[in-house]
Amino acid sequence: MSAARDRTVRWRRAWDKQARTYDKQMRFMDRVLFGDSRSWACSQATGEVLEVAVGTGLNLTEYPDEVALTGIDFSDEMLGIARARAAELDRGARLLQGDAHSLPFADATFDTVVCTFGLCAIPDIDVAVAEMHRVLRPAGRLVLVDHVESSASLARAVQRLLEFVTVPTAGEHFLRRPLNEVRTAGFSVERTERFKLGVVERLTARKPSGL
């Protein structure tokens, strides 16, 4: 098995294992750090919507009823919980196992792409953001929320220490800032905001209408 394949299998196992406790962890983080970021992100979705890294489906209750929702995730265990949640909510959604590096959709398929707290753990963030750009229709909207490299030096030092553990075991990064990759991919950034010592960043961007 190649080193890259071995790493992928190890990370998938790590996220499958986390599925059982993920909701509890994230609800705690929502209370103390992320605030209303899920509702902020999902409320801006319109039309055909793709959620990348849908996880256990914690965002399902936050989307407008009228959107047509598709979600993908790396972890089958996470998706199992998301599918059960969608059924309980009677929320129509396609929930698929998939890789953010190679989204299984044609070009210009979606009106909105949403990703909340996912790009921190996707191995190649540049490729993932480029794929989001590809599957969006011209003038389509990208909505991202994530924990990012803090604007405070002490917090950055803590984040650097955390990465010594989280990157090898689950591929989770704390010193990324997706805004940079969004600009590089060719999006037009509409809005950005940071809070909690700059650890959390929310942004919206558009794919240019001529593409």
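Looking at ALA139, THR70, CYS120, which one has the Cα that reaches farthest to the positive end of the dipole of the chain (charges on Cβ: Lys, Arg +1; Asp, Glu -1)?
CYS120
If every alpha-carbon in region 86-211 counts as one equal scatterer, what log10 I(q)/I(0) does Debye give at q = 0.10, 0.12, 0.15 1/Å?
Normalising to I(0) and taking log10 leaves -0.35, -0.50, -0.75.
Dipole size in debye (nearest 20) for region 3-206 around its Cα centre, Lys and Arg Cβ +1, Asp and Glu Cβ -1?
Approximately 560 debye in magnitude.
Looking at region 3-206, send over the antiparallel percent of its DSSP beta bridges, to the nearest 5.
Antiparallel bridges make up about 40 percent of those DSSP assigns within region 3-206.
Along the three principal axes, how long is region 54-97 when you take its alpha carbons, biggest first, rounded to the nearest angstrom?
27, 17, 13
Can you give the Kirkwood hydrodynamic radius for region 42-160, in Å, rounded to one decimal and based on Cα pairs?
14.8
Along the charge dipole of the chain, Cβ charges K/R +1 and D/E -1, which of LEU197, TYR22, ALA41 sits furthest on the positive end?
LEU197
Based on DSSP H runs of at least 4 residues, each adding -39500 (n - 2.57), what is the mean residue ellipticity at 222 nm of the chain after dividing by all its residues, to the nearest 500 deg cm²/dmol?
Details: 6 runs with 83 residues, N = 211.
That calculation yields -12500 deg cm²/dmol at 222 nm.
Specify the residue with the greatest mean-square fluctuation among LEU179, LEU162, LEU142, computed from a Gaussian network of the chain linking alpha-carbon atoms under 10 Å apart.
Taking springs between Cα atoms under 10 Å, the residue moving most is LEU162.
If I stretch the segment between PHE195 and ARG20 completely, what's the gain in nm (0.36 nm per residue apart, minus their alpha carbon distance), one decimal?
60.1 nm
Top mean-square fluctuation among SER150, SER75, SER39, Gaussian network model of the chain, C-alpha springs under 10 Å?
Maximum among the listed residues: SER39.
Taking the Cα centre of region 117-211 as origin, work out the dipole magnitude from +1 charges on Lys and Arg Cβ and -1 charges on Asp and Glu Cβ, in debye rounded to 20.
Using only the charged Cβ atoms, the result is roughly 380 debye.
Taking the Cα atoms of the chain, report the difference between the largest and smallest coordinate on each principal axis, in whole Å and largest first.
Computed over the Cα atoms, the extents are 41, 39, 35 Å.
Please report the orientation-averaged projected area of region 145-204, defined via the convex hull of its C-alpha atoms, in nm².
Over all viewing directions, region 145-204 projects a mean Cα-hull area of 4.3 nm².
Every number in this text was worked out from the coordinates using simple rules, so none of it is lab data. The shown structure was predicted, so the numbers you read here are calculated from the model rather than taken from an experiment. Glycine also receives a Cβ, built like all others from the backbone with ideal geometry; neighbour counts cover every protein chain displayed.
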